[in-house]
1. If each Cα of the chain is one equal point scatterer, what is log10 of I(q)/I(0) from the Debye formula at q = 0.16, 0.20 Å⁻¹?
2. Would you please give the residues with an amide H less than 5 Å from that of G37, counting only those at least 5 places away or on a separate chain, with H modeled from the backbone geometry?
3. For region 6-102, build the charge dipole from Cβ charges (+1 Lys, Arg; -1 Asp, Glu) around the Cα centre, then report which of S102, A60, V80 sits farthest towards its positive end.
4. Under the definition of Cα pairs under 8 Å and six or more residues apart, what whole-number percent is the relative contact order of the chain?
5. Taking 0.36 nm per residue of sequence separation and subtracting the Cα-Cα distance, how much length would be gained by fully extending the chain between S46 and W65, in nm to one decimal?
6. What does the helix-only formula give at 222 nm for the chain: each DSSP H stretch with n ≥ 4 adding -39500 (n - 2.57), the total divided by the residues, and the result rounded to the nearest 500 deg cm²/dmol?
Amino acid sequence: MIRHIVLIRFRREISEDTIAAIFADLASIQGKIPGLGPIHAGRSESPEQIERGYLHGFTADFDDWAALAAYQDHPDHRRVGAALVAHAQGGLDGILVFDLPS
C-alpha cells in the first residue's frame with residue numbers, strides 16, 4: 001500500500017467553503033481509479049499546533065505505485081490539482097506531497 005499525503009497552505013483569503021468544495025471534488029474521484037482506496041481530507045485539529053501554515057491536507061491510499069501513477073494521470077486529479085495550486089499560497093510552493101509505502 002502507498003499512502004499519498006498532501007499538505008496545503010491555502011492563501012488567507014480562500015474561504016473554508018471554497019476549500020470544502022475542492023475537497024468534495026477530490027472525494028468524487030473515489031471509485032473511478034482501480035487501486036485507489038479511501039481519501040480523507042480536512043483541516044488540521046492537531047493539539048500540537050505546529051502545522052507551520054499547512055492547515056489543510058488529505059491522504060489517499062493506493063494498492064501500489066501503478067495505481068498512484070494512474071491517479072496522477074487521471075483528468076479529474078489534474079483538475080483538482082490545478083485548483084489546489086491556484087488556491088495555495090505561492091502556488092506549488094504552498095503544497096507538500098509525501099508518499100509513504102507500507
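1. -0.67, -1.04
2. Counting only residues 5 or more places away or on other chains, the set is D61, F62, D63.
3. The Cα lying farthest towards the positive end belongs to V80.
4. Relative contact order comes out at 48 percent.
5. Difference between extended and current length: 3.9 nm.
6. -10000 deg cm²/dmol
None of the figures in this text is laboratory data; all of them are computed from the coordinates on show. In this text, all values refer to a predicted model and were calculated from it rather than measured experimentally. When we count neighbours, we look across all protein chains shown, and the Cβ atoms used for this are built from the backbone with ideal geometry, even at glycine.
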